[in-house]
1. Go over the candidates B:E221, B:E195, B:E189 one by one and state the one that is in the same structural domain as B:L250 (by TED's automatic domain parsing) and modelled with pLDDT under 95.
2. Could you tell me whether C:K163 is within 28 Å of C:L25 (Cα to Cα) and touching a residue at least 24 places away in the same chain (Cβ under 8 Å)?
3. So, in the range A:15-53, how many residues would count as being under 29 Å from A:E152 (Cα atoms) and buried (at least 19 other Cβ atoms within 10 Å of the Cβ)?
4. Can you give me the number of residues within the range B:121-147 that are open to solvent by 10 Å² or more (accessible area, probe 1.4 Å) and more than 13 Å from B:A46 (Cα to Cα)?
5. In the range B:134-157, how many residues are in a loop (DSSP other than H, G, I, E, B) and either modelled with pLDDT under 95 or small (G, A, S) (or both)?
6. Restrict the check to the range B:198-214 and report whether at least one residue is at pLDDT below 95 and under 22 Å from the mean Cα position of the chain (by Cα).
7. Within the range A:247-274, track down each residue that is more than 23 Å from A:E190 (Cα to Cα) and either hydrophobic (A, V, I, L, M, F, W, C) or within 12 Å of chain B (Cβ to nearest Cβ) (or both).
8. Residues to consider are C:E277, C:E221, C:E273, C:E233; find the one that is touching a strand residue (DSSP E or B) at 6+ places or on another chain (Cβ under 7 Å), among the charged types (D, E, K, R) and under 28 Å from C:R55 (Cα atoms).
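The values are calculated or read from the model by the stated rules, or taken from the named source; none is laboratory data. Remember, it's a predicted structure, so these values are computed and weren't measured experimentally. Here Cβ is always computed from backbone atoms with ideal geometry, including for glycine, and neighbour counts include all displayed protein chains. In case anyone asks, the SASA skips ligands and DNA or RNA and just uses the protein heavy atoms, side chains included. Shrake-Rupley method; radii C 1.70, N 1.55, O 1.52, S 1.80 Å.
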Amino acid sequence: MAMNIRHLISLADYSKEEILELVKLGEKIYNSPKDYAKSCEGKIMATLFFEPSTRTKFSFESAMLRLGGNVLGFSDANTSSVKKGESVADTIRCISYYADIAVMRHPKEGTPKLASMYSEIPIINAGDGGHLHPTQTLTDLLTIHTYKGGLENHVIGLCGDLKYGRTVHSLIKTMARFNTKKFVLISPEELTLPESLKRYLKDNYDVKIKEVRYIEEAIEELDILYMTRIQKERFFNEEDYLKLKNTYILDNDKIRNGKKDMIIMHPLPRVNEISYEVDSDKRAIYFKQAKMGVYVRMALITKLLEVE
Amino acid sequence: MAMNIRHLISLADYSKEEILELVKLGEKIYNSPKDYAKSCEGKIMATLFFEPSTRTKFSFESAMLRLGGNVLGFSDANTSSVKKGESVADTIRCISYYADIAVMRHPKEGTPKLASMYSEIPIINAGDGGHLHPTQTLTDLLTIHTYKGGLENHVIGLCGDLKYGRTVHSLIKTMARFNTKKFVLISPEELTLPESLKRYLKDNYDVKIKEVRYIEEAIEELDILYMTRIQKERFFNEEDYLKLKNTYILDNDKIRNGKKDMIIMHPLPRVNEISYEVDSDKRAIYFKQAKMGVYVRMALITKLLEVE
Amino acid sequence: MAMNIRHLISLADYSKEEILELVKLGEKIYNSPKDYAKSCEGKIMATLFFEPSTRTKFSFESAMLRLGGNVLGFSDANTSSVKKGESVADTIRCISYYADIAVMRHPKEGTPKLASMYSEIPIINAGDGGHLHPTQTLTDLLTIHTYKGGLENHVIGLCGDLKYGRTVHSLIKTMARFNTKKFVLISPEELTLPESLKRYLKDNYDVKIKEVRYIEEAIEELDILYMTRIQKERFFNEEDYLKLKNTYILDNDKIRNGKKDMIIMHPLPRVNEISYEVDSDKRAIYFKQAKMGVYVRMALITKLLEVE
């Protein structure tokens, strides 16, 4: 087992300073990408997607290619032969010879962590079941840093499914470390933030928490509105779902009283939780957010490969 | 929506001059590929194949790689996650951040057109259902230009399924713009060229049209013989299909009386519509035609990326 | 048909000197990979995997990328359109225009050979059914050459399924050409080496052959112990399989009396035929063997492309 290699399995393993360093490097690359166009020349990234996620895979591959590196990988364990019964430990040991860094998405929680214990190359967790997806959070942080001028002292509204949403939990835990002023939790009663997470925040941080049912109740004070999808499967009956769904679809009406410099974020893909009319509002930056994902991944790759 | 970006959705959107420019650039690249080996350095092409088409995908990827660029993509919507219910508009907006140019094949007519309306990067239509496949036509044009010394004044025989064949309709409409002398339509009665297309030709161009049932009736006058496949599914009963099939299988006998400098084309893949014995005839250039496809796509990519 | 192109379909087509040259070049590249980092610049490899084999595909792709070349390909005939009924001859003729070298894996014996007859570019057989897999054998040879200081005069133990194992048959036939001192065949009675192969060895080479049932009977004299998997499907009943399985699982006990400089090899993936406890034994080099696979493929590619 290789002991001196740095991986990214969870942001909890990274100090506040390290996270900020990644975000700032991401911004630097965003501002002068040409300076990094050959940083990873001769390096190979393996994208090991044991379940498909085209967007995340493309974002990583684009990041590596824009750094002058190369990519090999698979997008679905079914069209690969990795299901022959080989252990994750064996698989990753061999991948270590084919590539210089590996990105792993796996339906089973903890698999990227396990892989990192046997790998001779850096492993990046690109999502393990409903558990962690740290590069989505890094993407959100770079977006906030770029479009709000910094990570500290914001009033952050989080809207939608706060109970099951992996993205939201990770964002809350990470932003709490950066002196967030207030979290405004906007969700139906069925999908509120887990008590354990609220308790964790209260015990560890000096952050205000406010819970409301409707966007309109809190829109005026928000610096950031982070939207997420409400999935039909979360409800006992169709009727409840339909009733609630419309309450949480963002439209021009609901953001009318928002601050002029508020930003509206969404991890994408969206289905119908944000009306298309909102897209042309200057505060809607969810597509720019997707763009930021490439740059923060470029920063992460250069750091882990120690080419920066 | 980005307004100043050039796409290739249909050749009908391109002037005769623009088409000729692409064909000539393709020929130039074919003659000195090394001059273009770094034209697209640092650029990324996304190949978005919502239905598989290995040959077309390879041709585009080879073109981009031979220009020094890079490629990311998927070959089947089922092994990608693009079916999560996201709109084409949202998908393409994100792809714009991952790549500099996108090639799209989609089973649904009009989808590449729709994508181009939201894209911030050039979109190339690589086939949308039975509708359009403009780079196949460009391939045919470069082949004719190279092997017949120009595009004008030819007698062009088109043989096989003229009713449903997307390739044939597009080729006819485009070649008509280049002063074709005569189209000789060779097909069974069940699969003749649609009346509307014949009417369109007569109304807009000074081109002769001749319809025959058998290759032998017209072979002597042809400069170009363009073969297509006759698909079993087009017939009501097996008996009709079997009867006709043999009539339209090209063999050495049927081309015996053809001109010495006639060229025999086929968009490939062929199943059995051209006997293997024809392959060694010097006039059979359908494999060279596939080769030309790479060079005309190189020309198209350099034009759309404005690196030429 | 192109006549002057060199392919690798079977090692039987290569002289002893040519094989040794490949192995030595592999070792040279392994020792100074940077000297070869741009050997294949501007070249394209097509990986045509008509059945999935992630490990072999990655090994080839990594080899090509580490030589500065590019890669395009498919990993499964079902997500490609190559099954439209086109002949292998037609497919490979077109691939010749998209790539400079092609690697083919196919479930049907003889398909890579057939392809090579129509190809204008070098074809490498990456496995055709249960028939041949020459680059696995080259990998084994480079491993032996590197870790045993040469290919000649070894006592080689082969353990497991010697009846059906393609890898083992190919290794035996090739190593016999390099003055192997003795083959020790370790297998259950149901899975012994075919009589025809034993006859072939006796008729052509001056090599000793010893057959035993248990690893412990021969471990002391081995320079090399080559393990393979015993597949459940080979047995008539579960009971026989379970009884035998444990006999052929390698553990620390079974290798206790082996030489200090013996090497333990395995083509991977392993399922349970080698206990994890063996991994930390210095003599276990099966992961290093996988690493060697990349370098010998780099050697092969540079030779076939004549860039060395």
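1. So the residue among B:E221, B:E195, B:E189 that is in the same structural domain as B:L250 (by TED's automatic domain parsing) and modelled with pLDDT under 95 is B:E189.
2. The answer is no for C:K163.
3. To start, the set of residues in the range A:15-53 that are under 29 Å from A:E152 (Cα atoms) comprises A:15-33, A:35-36.
Filter again for buried (at least 19 other Cβ atoms within 10 Å of the Cβ), leaving A:19, A:22-23, A:25-26, A:29, A:36.
So the answer is 7.
4. So the answer is 9.
5. Of the residues in the range B:134-157, 2 are in a loop (DSSP other than H, G, I, E, B) and either modelled with pLDDT under 95 or small (G, A, S) (or both).
6. Checking the range B:198-214: not a single residue is at pLDDT below 95 and under 22 Å from the mean Cα position of the chain (by Cα).
7. Scanning the range A:247-274 gives A:I255, A:M262, A:I263, A:I264.
8. None of the other options fit; the residue is C:E273.
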